[in-house]
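Notes follow the structure.
Read-outs: derived from the displayed coordinates by stated rules, not from any lab. This structure is a prediction, so every number in the text was calculated from the model and none was measured. Cβ coordinates were reconstructed from backbone atoms using ideal geometry, including for glycine residues, and neighbour counts include every protein chain displayed.
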Amino acid sequence: MKYENIRNQVLEAILQAVDMGLIHGTSGNIAMKDDKDPVVAITPSGISYAHMTADQIAIVDLKTGEWLDGPFKPSSEVPMHLAVMNARPDVTATVHTHGMFATIAAMEKFGELKAVTPPQAEFVPVGIVPFTMPGSNEVAEKVVDALGENGKAVVIKNHGMMCCGKNMKAAMSAAVYLEEMAQTNYYAKLLGVFEPMPEEAVAKMQALIAADQAV
Ligand SMILES: [Zn+2]
């Protein structure tokens with residue numbers, strides 16, 4: 001099997017995401033760039049992830065999105081994953097879900113997502129991507145804009161969210177904490193007790209994380 005390493009990492013991540021309830025059925029997709037060749041492993045379209053095997057993960061060209069290997073058509077969200085990887089050389093892995101709380105948090109009147117616990121601080125500010133048709137180049141461009149140079153997570157209106165990281169562990173961690181942050185914000189706002197972490201504490205956490213990651 002070609003590109004066994006990235007295929008295995010995508011498979012492991014998608015099974016984990018299903019297990020954690022971040023992804024239901026065939027919704028959402030995960031991608032990982034190869035460290036030598038300009039190719040990306042990505043989950044296929046419309047196939048249940050529960051019994052998937054590594055050879056069923058699709059391989060596409062990093063620049064053109066051309067389907068190079070694998071028995072099933074790559075996810076229709078290929079443009080979004082590739083656009084982020086091509087715009088951000090620091091990104092090797094991307095996670096896209098239709099997580100319920102991230103989707104609610106993308107709605108205009110929800111207000112900006114705020115970190116409530118220390119691990120969430122790494123992922124703010126969370127950009128909001130305006131609605132455009134899924135799978136389009138337009139949504140891909142808007143996700144890249146909203147992520148900017150350093151962003152790790154954005155929510156997409158009437159669709160879900162997109163996270164990225166320097167490796168699969170980092171991208172998955174962004175996906176977990178974004179959904180957790182959206183959920184905490186949602187319930188705290190619903191109860192009328194919302195108290196985000198103080199801005200200075202968020203800035204301190206971010207400085208600590210950046211120093212740690214630079215080592
Ligand atoms: Zn989607």
TODO: Starting from 0 in steps of 5 Å, tell me what percent of the Cα-Cα pairs of the range 39-109 lands in each bin.
DONE: 3, 16, 23, 20, 18, 12, 6, 2, 0
Open item on the list: To check my understanding: the extent here is largest minus smallest coordinate of the Cα atoms along each principal axis. What are those three numbers for the range 4-214, in Å, largest first?
Closed with: 50, 35, 31
TODO: Compute the Cα gyration tensor for the range 96-143, then decide on rounded, prolate or oblate, letting a ≥ b ≥ c be the square roots of its eigenvalues: rounded whenever a/c is under 1.5, prolate when a/b is larger than b/c in the other cases, and oblate in all that remain.
DONE: prolate
- [ ] With an 8 Å cut-off on Cα pairs and a minimum separation of 6 or more residues, tell me the relative contact order of the range 38-187 in percent.
- [x] 24
Task: 15 Å Cα-Cα reach of residue 204 towards aspartates and glutamates, excluding residues that sit fewer than 8 places from it in its own chain - done: 122, 212
- [ ] Post the alpha-carbon centroid distance, the range 158-191 to the range 85-116, in whole angstrom.
- [x] 6
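Take the residue pairs 36/166; 73/114; 114/166; 36/157; 33/109 and return only those whose Cα atoms are more than 27 Å apart.
Details: 36/166 15 Å; 73/114 37 Å; 114/166 23 Å; 36/157 35 Å; 33/109 36 Å.
Over 27 Å apart, Cα to Cα: 73/114; 36/157; 33/109.
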TODO: Mind running the shape call on the range 93-215? Use the C-alpha gyration tensor, a ≥ b ≥ c as the square roots of the eigenvalues: rounded below 1.5 for a/c, prolate if a/b tops b/c, oblate otherwise.
DONE: oblate
Task: Separation in nanometres of the label points that stand 7 Å from Cα toward Cβ, at residue 36 and residue 189 - done: 4.8
TODO: Identify all aspartates and glutamates with a Cα-Cα distance to residue 189 below 17 Å; exclude those on the same chain that are fewer than 8 residues away in sequence.
DONE: 108, 112, 179, 180
